[in-house]
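Peer 1: Dropping a structure here in structure tokens format, bear with me for questions.
The values are calculated or read from the model by the stated rules, or taken from the named source; none is laboratory data. Everything numeric in this text was worked out from a predicted model, so none of it was measured. Note: ideal-geometry Cβ built from the backbone for every residue, glycine included; neighbour counts use all protein chains shown. Heavy atoms of the whole protein, side chains included, go into the accessibility calculation; ligands, DNA and RNA do not. Shrake-Rupley method; radii C 1.70, N 1.55, O 1.52, S 1.80 Å.
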Amino acid sequence: MTAATVYKNRNLILRSLRLDQDNQFETINLDTSKIGDQKLQLEAKGEIGGGRVLSRIELAAKGQSFETAAQLQANNVSLGKLGPYLGQAPGRIAGELREAKIDWRGKLDAPKTWNGTVRAALEKVGEEGWSLDQAIVEIEAANGRATIRNARIDQTPTIFSSRGRRCCRQRSQSLGGHRAIFSFRSTRPILRN
């Protein structure tokens, strides 16, 4: 594993970091230039599992927690090629992360402050003994409420989907106490003799 490095003004940049043929980063940038203000930023751009990934995370200390801003875009990532980096034996998991988009902000330990969206679509995902044709999830958080816009699993001929919303807790350590509304639906074809 090799990479070109530059470190200037508390900003570390790694270029051309190659883990293997399918996993390599064009750049990884760890910016600690505002550490005196208790702020940190990490950006990464490259190929993971043969697909394209762009990400950015900003952390700022706020009391005993961190104010976060995170963005991620990933396309066409092979889970099988990524598996060994996730502690999985080669060939154990399969499928493709067709698309993932995350844009999220808020205090890490205060769900009520979370604002953002998450969208992920997987195809032909599975592990030894099971597989799914497709899995999709779309989640939104805003104004103290988390909403599942769409959660869908397709395994021919069955489709399972869910939608719903829940009020977010003030602190992540507290349990229960908030109302949630969800709907579930499953479809199967009618079999005839």
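Peer 1: Restricting the search to segment 10-54, which residues are among the charged types (D, E, K, R) and on the phi > 0 side of the Ramachandran plot?
Peer 2: Correct list: R10 only.
Peer 1: Could you look through segment 98-123, keep only residues that are open to solvent by 30 Å² or more (accessible area, probe 1.4 Å), in contact (Cβ under 8 Å) with a residue 24 or more places away in the chain and aliphatic (A, V, I, L, M), and pick out the one that is farthest from D20 (Cα to Cα)?
Peer 2: This residue is L108.
Peer 1: Sticking with this structure for a sec: Which of the residues belonging to segment 1-39 are of a type in the set (D, E) and modelled with pLDDT of 90 or more?
Peer 2: Result: E26, D31, D37.
Peer 1: Scan segment 87-97 for residues that are touching a residue at least 12 places away in the same chain (Cβ under 8 Å) and more than 22 Å from N150 (Cβ to Cβ) and report the count.
Peer 2: So the answer is 3.
Peer 1: How many residues does segment 134-153 hold that are over 20 Å from the mean Cα position of the chain (by Cα) and modelled with pLDDT of 90 or more?
Peer 2: 0
Peer 1: I've got another one for you. What number of residues in segment 13-55 are closer than 21 Å to G83 by Cα, touching a Ser or Thr at 6+ places or on another chain (Cβ under 6 Å) and either open to solvent by less than 70 Å² (accessible area, probe 1.4 Å) or polar (S, T, N, Q) (or both)?
Peer 2: Qualifying residue count for the region: 3.
Peer 1: Checking G36 against (1) more than 16 Å from the chain's Cα centre (by Cα); (2) closer than 29 Å to R165 by Cα, which test does it fail?
Peer 2: Condition not satisfied by G36: (2).
Conditions tested, residue by residue: (1) open to solvent by 30 Å² or more (accessible area, probe 1.4 Å); (2) at negative phi.
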site: V125; (1), (2): no, yes
site: G129; (1), (2): yes, no
site: D133; (1), (2): yes, yes
site: I136; (1), (2): no, yes
site: R145; (1), (2): yes, yes
site: R149; (1), (2): yes, yes
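Peer 1: Then there's this: Of the residues in segment 56-97, how many are open to solvent by 40 Å² or more (accessible area, probe 1.4 Å) and farther than 15 Å from D22 by Cβ?
Peer 2: 15
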